[in-house]
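I have placed the structure first, in the form of structure tokens, so that the comments after it can refer back to it.
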Amino acid sequence: MTPGTITAQITDYANRADPYPLYAELREQPVRREDDGTYLVSTYYEVRNLANDPRLSNDTRNRPPGYARVGHPAEETGLPPSFIFTDPPVHDRLRDTINRPFGPPHSPRFLDGLRADLATVVTELLDAFEGKDQVDIVEDFSYPLPVTAICKVLGVPREDEPRFHIWADALASSLDPRPGGDDGQEKAQRARQDMGAYLSDLIETKRRHPGPGILSALAPDMTPADLEATAVLLLVAGHETTVNAITNTTLTLLRHPDVLERFQKDPDLAVPLIEEVLRFEPPVQFVPWTTALADIDVAGTTIPKGSPVWLMLAAANRDPKRFEDPDRFDPDRKDNEHLGFYTGIHYCFGAPLARIELHAAVPELFRRVKFSGLLEDPPPYRTNAVLRGPRHLPVAIEGLTA
Amino acid sequence: MRLVVDLNRCQGYAQCVFLAPDVFALHGDEALLFSPRFDEAQRDRVEEAAAACPVQAILVDYSDEPTRGAEPHVG
């Protein structure tokens, strides 16, 4: 990537706090070719159609040599890619298997059954705000909840959770396309190996002594390597994205006092409000790991076979051809078919868990905490342009209700 | 409280089943079953499910509930 290209600007940390003007510029040309042959697609209908197009692959091994093979562990590791980086039929076989202990039709009540536990965690986190006049919403609230949630889903003992924070951070940053510097990639490979070693022990233990969580349920049906890749994916995806969703909701509400006031009078507003944040500030901003398997005609442009394609979800979510007044945060928006969780066969596997976490966290946060305002706006962001969100969200608080 | 799912729009994402498993169910991998009437205890879950539907195929109707639908007759 040469400096000055729009991908360089999007990944440039200087634009992290507000990438939306760049996305608006992108939409002027719905399918845009970068100098290195990467295509960026940024308008709603084009993104949605491509995400549902079987000629678009999530397996980056379909890229010609020289392009980043996101999601594929180096060959010498012997590890398979996780199912997000595979295509049918392998993808469907893995996802169906993993879904069996996780969701309908076989386990429709598994996640619903976690609601009470998650509510308890939320209560404990908020109780700890007592006596403080300022908190960091990321460290003190958004970060701990998803770790606990995903560990419960997998069946990871809670005392091992702190190790997952560190591994998940390193792995999440490897999804971030950054010009130059392979340091992040190497760190990610190491984290993947360390986490892999831990998980293969845990999987072996679960195989012999089944306990709660999906790892025990899946151990008889999957190879240890596939199960390990799945666990790594769910941990990484379960961490960063939900942290960002909770933090972005808090930030957006504190930036819109009129909506906040309504929400405090009418807690039912949580439901449309959370969906609107997923449109307005999606935790996964774009999907830079797809590849054209054939020449694909989109909006008057032909994307040649083998081209890396970036699907710009956050840009599509603000396409004025689909959403009226798209830069306005409007929880009353009807027909909010946002792409915050993607669409098609790779629709976010953890979306229902994320929603359950958001519904456990957001209404209770704003019911119990009286905020006096943001202490930094914009807050400091993480470096990651894909899984974009604040690193810290310092807020001043006036009090806590029981 | 009633609901209806536009089964022509439904694409089997099953988000509603995850969020309100006592009201929605999957039969096999794709066929969606639902109870068109639900009670107060399910209301929050049904609201979440309707909002979460990726293709917005779920319509919830409160017109038989005086406090939320049409204003009750006063006087």
In this structure, does A:Thr252 turn out to be away from chain B (no Cβ under 14 Å), among the hydroxyl-bearing types (Ser, Thr, Tyr), over 19 Å from A:Ile10 (Cβ atoms) and assigned to a helix (DSSP H, G or I)? yes
Selection from the range A:261-284 of residues that are within 14 Å of chain B (Cβ to nearest Cβ) and surrounded by 16 or more Cβ atoms within 10 Å (Cβ to Cβ): A:Leu269, A:Ala270, A:Val271, A:Pro272, A:Leu273, A:Ile274, A:Glu275, A:Glu276, A:Val277, A:Leu278, A:Arg279, A:Pro282
Of a type in the set (Asp, Glu), assigned to a helix (DSSP H, G or I) and more than 14 Å from chain B (Cβ to nearest Cβ): is that true of A:Asp258 in this structure? yes
Candidates A:Pro394, A:Pro379, A:Pro363, A:Pro390, filtered to the one that is modelled with pLDDT of 95 or more and touching a His at 6+ places or on another chain (Cβ under 8 Å): A:Pro379
Between A:Ser57, A:Ser107, A:Ser82, which is of a type outside the set (Lys, Arg) and either on the phi > 0 side of the Ramachandran plot or within 14 Å of another protein chain (Cβ to nearest Cβ) (or both)? A:Ser107
For the range A:336-388, what are the residues that are among the polar types (S, T, N, Q) and within 14 Å of chain B (Cβ to nearest Cβ)? A:Asn336, A:Thr343
Output the number of residues of the range B:1-57 satisfying the condition of being outside any loop (DSSP other than H, G, I, E, B), in contact with a strand residue (DSSP E or B) (Cβ under 6 Å, 6 or more places away or on another chain) and facing chain A (nearest Cβ under 9 Å). 5
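The values are calculated or read from the model by the stated rules, or taken from the named source; none is laboratory data. Please read these numbers as outputs of a predicted model, since none were measured by experiment. So basically every Cβ, Gly included, is an ideal-geometry build from the backbone, and we count neighbours across all protein chains shown.
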